[in-house]
Amino acid sequence: MNLRTIRHELGITAELTELARVRHWVRTVLREFPANVVGTAVMVVDELTSNALRHGRAPHHVRLLPGAAKLRIEVDDGGSEPARRRTPSDQGGRGLLLVERCAAAWGQLRRPSGKTLWAELTTDDPASARG
């Protein structure tokens, strides 16, 4: 079975302890991808999920949508407040800047039940994982 054509989804609780489970899940799902893509994907998923858990509301879902030349990462939460880049400080504010540097594209979509933050990583070119 080709993992590059399957939609993968994981529902998570609102506990920050879920981040370790999400990172493990990403590594397992993307086991056929190059190590640099997996590493970048784990970092991006971790940042988007952490943001959703800290600033959003339940329910939370993480999706991986591999394609021929890209990987789309989506993280849903039930909060209506849009995610915003913040000025980095000792308390944080680096997550979305990191996502922006690592992803070929990223953004957010409002939904009736919350929002989805998404990022797309290029998967065919080893230099594409710029993080």
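The values are calculated or read from the model by the stated rules, or taken from the named source; none is laboratory data. All values reported here derive from a predicted model rather than from experimental measurement. A quick note on method: Cβ atoms are made from the backbone with ideal geometry, for glycine too, and the neighbour counts reach across all protein chains shown. When the accessible area is computed, the model is the full protein with side chains, heavy atoms only, and any ligands, DNA or RNA have been set aside. Shrake-Rupley method; radii C 1.70, N 1.55, O 1.52, S 1.80 Å.
Of note:
- Residue list for region 57-73, filter: within 12 Å of the chain's Cα centre (by Cα) and either polar (S, T, N, Q) or open to solvent by 30 Å² or more (accessible area, probe 1.4 Å) (or both): 61, 65, 72
- Condition met for residue 20 (over 18 Å from residue 121 (Cα atoms), modelled with pLDDT of 95 or more and open to solvent by less than 60 Å² (accessible area, probe 1.4 Å)): yes
- Matching entry among 64, 48 (being in contact with a helix residue (DSSP H, G or I) (Cβ under 6 Å, 6 or more places away or on another chain) and modelled with pLDDT of 90 or more): 64
- Residue match in region 37-60 (condition: more than 19 Å from residue 100 (Cα to Cα), assigned to a loop (DSSP other than H, G, I, E, B) and without any contact (Cβ under 8 Å) to a residue 40 or more places away in the chain): no
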